[in-house]
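Scroll down for the structure; my scribbles are underneath it.
The values are calculated or read from the model by the stated rules, or taken from the named source; none is laboratory data. Note that the structure is predicted; figures quoted are calculated from it, not measured. Cβ atoms come from the backbone with ideal geometry, glycine included; neighbour counts cover every protein chain shown. All accessible areas refer to the heavy atoms of the entire protein, side chains included, with ligands and DNA or RNA removed. Shrake-Rupley method; radii C 1.70, N 1.55, O 1.52, S 1.80 Å.
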Amino acid sequence: MLIRSFREEDTEAIVALWQACGLTRPWNDPYRDIARKLTAQPELFLVGEVSGVPMASAMVGFDGHRGWVYYVAIDPAHQGKGCGRMLMAHAEQLLIERGCPKINLLVRAGNDVVIDFYNKLGYAPDAVVSLGKRLIPDLPDQ
Ligand SMILES: CC(C)(COP(=O)(O)OP(=O)(O)OC[C@H]1O[C@@H](n2cnc3c(N)ncnc32)[C@H](O)[C@@H]1OP(=O)(O)O)[C@@H](O)C(=O)NCCC(=O)NCCS
């Protein structure tokens, strides 16, 4: 797997990847999420490709205090071969190079498969409650 930054021509493949991995949600328009990421540290929007075909993604950011990772996805045909581990190691290295001391990520409660994956990579639960407040209502009823 070759890891590089996202390019605009990856858009359809990456949206299809997120759909295949079950990462899309009604309140997160993937096209809007991509457009927003391209306004902030676009070089940290990572794409993995095999034979020139995008098959992995990780949307990484450093906010000056913590690093965050969203949309970690490996195409189901390529899962279980170490690509997820490699992609996360790459993301961690880019954050370390920027002086980021800690990486945070969110996993939906009950998604035990993904929690097992992150446990194997050295991630542990933090004693925090995740709070959120929507600032821009992306959907009419929000
Ligand atoms: C979770 C995901 C990124 C893992 O990627 P992957 O390439 O299959 O994982 P790897 O092959 O690199 O596995 C890394 C380690 O995690 C473990 N692991 C991976 N999937 C696992 C599973 N389903 N259950 C338990 N352990 C698992 C592997 O055994 C491996 O451990 P090892 O190196 O000690 O053998 C991938 O399955 C995926 O894209 N899932 C769908 C999208 C998703 O849910 N993303 C997370 C959003 S929070």
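Scanning the range 84-135 for residues that are open to solvent by 80 Å² or more (accessible area, probe 1.4 Å) and closer than 21 Å to Ile3 by Cβ turns up Arg85, Met86, Gln93, Ile96, Glu97, Arg98, Lys120.
Residue by residue, here is whether (1) touching a Leu at 6+ places or on another chain (Cβ under 6 Å); (2) within 23 Å of Asp138 (Cα to Cα); (3) of a type in the set (A, V, I, L, M, F, W, C); (4) buried (at least 20 other Cβ atoms within 10 Å of the Cβ) holds:
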{"position": "Phe6", "(1), (2), (3), (4)": "no, no, yes, yes"}
{"position": "Ile14", "(1), (2), (3), (4)": "no, yes, yes, yes"}
{"position": "Tyr31", "(1), (2), (3), (4)": "no, yes, no, no"}
{"position": "Ala40", "(1), (2), (3), (4)": "no, yes, yes, no"}
{"position": "Ser51", "(1), (2), (3), (4)": "no, no, no, no"}
{"position": "Pro54", "(1), (2), (3), (4)": "no, no, no, yes"}
{"position": "Asp63", "(1), (2), (3), (4)": "no, yes, no, no"}
{"position": "Ala73", "(1), (2), (3), (4)": "yes, no, yes, yes"}
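From the set of residues in the range 12-41 that are at pLDDT 95 or above, assigned to a loop (DSSP other than H, G, I, E, B) and within 18 Å of Leu135 (Cα to Cα), which is farthest from the chain's Cα centre (by Cα)? Once the filter is applied, the top-ranked residue is Thr39. Filtered by the rule that a residue be of a type in the set (Val, Ile, Thr) and within 7 Å of the ligand (Cβ to nearest atom), the range 101-124 gives Val107, Val113, Val114.
At least 2 residues being near the ligand (Cβ under 8 Å from one of its atoms) and either acidic (Asp, Glu) or within 24 Å of Val15 (Cβ to Cβ) (or both) is the threshold, and among the strands (runs of 3 or more DSSP E) wholly inside the range 42-100 those reaching it are 67-74.
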